[in-house]
Amino acid sequence: MFKDPMFDSQLLEWKVYGNATWIQVDEGEETILAYIKTPSETKPSGSVIAKTGCWSMLKGGFTAYEDEKVDLIFKVPNNKNEVWIDNVSLKSFTKAEWREQQKRSINKYRKRDIKIKVTDKAGKPLEGANITLTHTRPLFLIGCGTGYSILEAKAYQDFFAARFTAATPHNEMKWYYNEHFQGVENYETADAMVSFFEKNNIAIRGHCILWDSTNASNYWTQTLPPREVLYTTIRRIASVVSRYTGRVIAWDVVNENLHNSYYESILGANASAMIYQAIRYAKLEFNHVTRAIDPHTPLFINEYNTLEYPKDIKVIPARIVHKIREIKSFPGNEDMVLHIGMQGHFTLRANISYIRAAFDVMGASGSPIWLTELDFLKSDTQHEDLENVLRESFSHPAVEGIIIFGGWKKKGCRDECINAKDYNHMPIGCGQMCLIDNNFKITPTGELVDRLILKEWRSNVVTVTDKDGVFSGRLFHGDFNLTCSHPSIPNPVERTFKLEKEEGALQFGITLK
């Protein structure tokens, strides 16, 4: 029996470390956290819910920013419970090795082989045919959160539509925005935002149907008896979901329902499970037709601190997986597929190896993951940390999309915010991150995002066919425009195609006449 089991090691500067340990407890279950203790600080590096009768793997990691001796400590809440630890491993990677692993993963999971054969009308292969491929829309969605400011400036609209393929309204779909006064609904702003996004082929995340925080719930619901809370909750679900079903690609259902329990405190412990079930399976009448409120749109849990703050035991990766199983265990929910939304509001440096381990644990549940509200506090390392998290997320096979919270608003992106250097005393009203300033000039943070999503993670190709009339390559998934021509043939060919996420190469031919 150990109070806090400890192991020591010598770390090297600017190396990324991954740690894995098998843990079992003698009785019941325990939430066990792993910490790295240095002479100057103690920081978390992983967690697990350890159980009796079986071994559970604790996965985690950390980055060493200088040479130092450290202790690896396992914190056990119940000092009377016996803990067994086996096969403690600590593996180091240089930054270059870590980046190379990311590149290999991106090549494997985000790309597919393609083979195009060009012939003349007689079927003869054409060597030297010119092929131009324009990657018009990536399959992997990377978007931006924004408020109603998207309706206020044409320059901001142009900036947004030119680079982002998904969007999340900040507040405009939330209940307190749509029904500030009981019985008086107002979707005018949300409708206008949805119309703009649809016009520009920008996928929309529905955020959010309900919020499990007392402080973020409509004040007037807090004075109602439980039966009326249930009635108004069902009415809210039917109102917003039926309005936008088929127009959004996701619903954040009960926002932050691991940190909070407003609906559980009123409607009972199974409140979240019942709400998810109501959206997916409850039948209502629409235009004299009875159907489910929304039988198809992916349903998300959406939480913070899982990636940002590993010490928050309410939302460690194992707790996220447990919440999904809890919702699915409710009678009638067994076949429900739930998705995981990780907000990603970072106030500390990003622990990239821990983030990878968290993705591994949550991804093993089979639930797709999105980063839903990614931003960093303004600091000297903001750009580096943002790039690291974007690369780690894009390279992980369990992650299916990213929303960056870097939208423009006039007060938040003014010059004194963009140029501020005293990060601990920012001017009032400044945004966490701004991708453009009030002159709609792209900021250094915006340039970083553009470099990744418009250049590095796009497949725009200009090439010629080989002696067999063939072009072969490995390209990012998505929609493409193709133009093909040959000096000896006057008429070029133009077409579009989709490079889907499937096994095997996409092969097709082009005939020039």
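The values are calculated or read from the model by the stated rules, or taken from the named source; none is laboratory data. Nothing here was measured: the structure is a model prediction, and the numbers come from that model. Cβ placement follows ideal geometry from the backbone for every residue including glycine, while neighbour counts extend to all protein chains displayed.
State which residue is farthest from residue 275 (Cα to Cα) when the search covers only region 246-261 and only residues that are of a type in the set (D, E, K, R) and surrounded by 22 or more Cβ atoms within 10 Å (Cβ to Cβ). Even if it seems obvious, please write down each step before you answer.
From region 246-261, those of a type in the set (D, E, K, R) are 247, 252, 256; that's our starting set.
Then drop every residue that is not surrounded by 22 or more Cβ atoms within 10 Å (Cβ to Cβ), which leaves 252, 256.
Values: 252: 12, 256: 14 Å.
Step by step, filter region 246-261, then rank; the result is 256.
Here's the yes/no breakdown for (1) under 30 Å from residue 236 (Cβ atoms); (2) in the same structural domain as residue 497 (by TED's automatic domain parsing); (3) under 20 Å from the mean Cα position of the chain (by Cα):
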position: 161; (1), (2), (3): no, no, yes
position: 171; (1), (2), (3): yes, no, yes
position: 187; (1), (2), (3): yes, no, no
position: 192; (1), (2), (3): yes, no, no
position: 200; (1), (2), (3): yes, no, no
position: 203; (1), (2), (3): yes, no, yes
position: 210; (1), (2), (3): yes, no, yes
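Residue 221 meets each of the listed conditions (1) touching a residue at least 40 places away in the same chain (Cβ under 8 Å); (2) surrounded by 15 or more Cβ atoms within 10 Å (Cβ to Cβ); (3) of a type in the set (S, T, N, Q) apart from (1).
Please go through region 495-507 and give me each residue that is over 14 Å from residue 134 (Cα atoms) and exposed (fewer than 12 other Cβ atoms within 10 Å of the Cβ), ordered by number. Hits for region 495-507 are 500, 502, 503, 504.
Considering only residues in region 141-184 that are within 26 Å of residue 399 (Cα to Cα) and of a type in the set (Val, Ile, Thr), the one that is surrounded by the most Cβ atoms within 10 Å (Cβ to Cβ) turns out to be 168. The set of residues from region 364-374 being within 12 Å of residue 338 (Cα to Cα) and free of Cβ contacts under 8 Å to residues at least 60 places away in the same chain comprises 365, 366, 367, 369. Only a single item in (1) more than 25 Å from the chain's Cα centre (by Cα); (2) surrounded by fewer than 20 Cβ atoms within 10 Å (Cβ to Cβ) is not met by residue 233, and it is number (2).
Scanning region 87-102 for residues that are crowded, with 17+ Cβ neighbours inside 10 Å and modelled with pLDDT of 90 or more yields 93, 98, 102. May I ask you to verify whether residue 132 is surrounded by fewer than 22 Cβ atoms within 10 Å (Cβ to Cβ) and in contact with a Ser or Thr (Cβ under 7 Å, 6 or more places away or on another chain)? Answer is yes for this residue. Considering region 445-494, and only residues there that are β-branched (Val, Ile, Thr) and in a strand (DSSP E or B), the residue that is surrounded by the fewest Cβ atoms within 10 Å (Cβ to Cβ) turns out to be 462.
Condition first: among the acidic types (Asp, Glu) and touching a residue at least 60 places away in the same chain (Cβ under 8 Å). Now tell me which residues in region 420-457 satisfy that. Working first, answer last.
Residues of region 420-457 among the acidic types (Asp, Glu): 422, 437, 447, 450, 456.
Matches in region 420-457: 450 only.
Would you mention how many residues in region 342-393 are closer than 20 Å to residue 33 by Cα and of a type in the set (Asp, Glu)? Residues meeting the conditions: 1. Here's a check for you: in region 47-64, which residue that is surrounded by 21 or more Cβ atoms within 10 Å (Cβ to Cβ) and of a type outside the set (Val, Ile, Thr) is farthest from residue 349 (Cα to Cα)? The residue in question is 50. When each of 77, 44, 39 is tested for being buried (at least 18 other Cβ atoms within 10 Å of the Cβ) and assigned by TED's automatic domain parsing to the domain that holds residue 17, the lone residue that passes is 44. Number of residues in region 107-153 that are closer than 30 Å to residue 372 by Cα and not acidic (Asp, Glu): the value is 25.
Condition first: touching a residue at least 60 places away in the same chain (Cβ under 8 Å) and either touching a Pro at 6+ places or on another chain (Cβ under 7 Å) or closer than 22 Å to residue 111 by Cβ (or both). Now tell me which residues in region 499-512 satisfy that. Walk me through how you get there before you give the answer.
Within region 499-512, the subset touching a residue at least 60 places away in the same chain (Cβ under 8 Å) is 499-502, 504-512.
The answer is 499, 500, 501, 502, 504, 505, 506, 507, 508, 509, 510.
Could you grab me the full set of residues in region 285-308 that are within 24 Å of the chain's Cα centre (by Cα) and at pLDDT below 95?
Going residue by residue through region 285-308, those that are within 24 Å of the chain's Cα centre (by Cα) are 294-308.
Once the filter is applied, which keeps residues that are within 24 Å of the chain's Cα centre (by Cα) and at pLDDT below 95, region 285-308 yields 294, 295, 296.
Taking residues in region 458-477 that are under 17 Å from residue 106 (Cα atoms), and partners anywhere that are among the small types (Gly, Ala, Ser) and assigned to a loop (DSSP other than H, G, I, E, B), the pairs with Cβ atoms closer than 8 Å and at least 6 places apart or on different chains are 473/459; 475/459; 476/459.
Of all the listed residues (510, 453), the sole one being over 15 Å from residue 132 (Cα atoms), modelled with pLDDT of 95 or more and of a type in the set (A, V, I, L, M, F, W, C) is 453. For beta carbons closer than 6 Å, sequence separation of 6+ or different chains, a first residue in region 148-168 that is closer than 20 Å to residue 411 by Cα and a second that is assigned to a helix (DSSP H, G or I) and small (Gly, Ala, Ser), the qualifying pairs are 151/192. Exactly one residue out of 436, 428, 442, 402 is in the same structural domain as residue 375 (by TED's automatic domain parsing) and either more than 30 Å from residue 106 (Cβ to Cβ) or surrounded by 15 or more Cβ atoms within 10 Å (Cβ to Cβ) (or both): that is 402.
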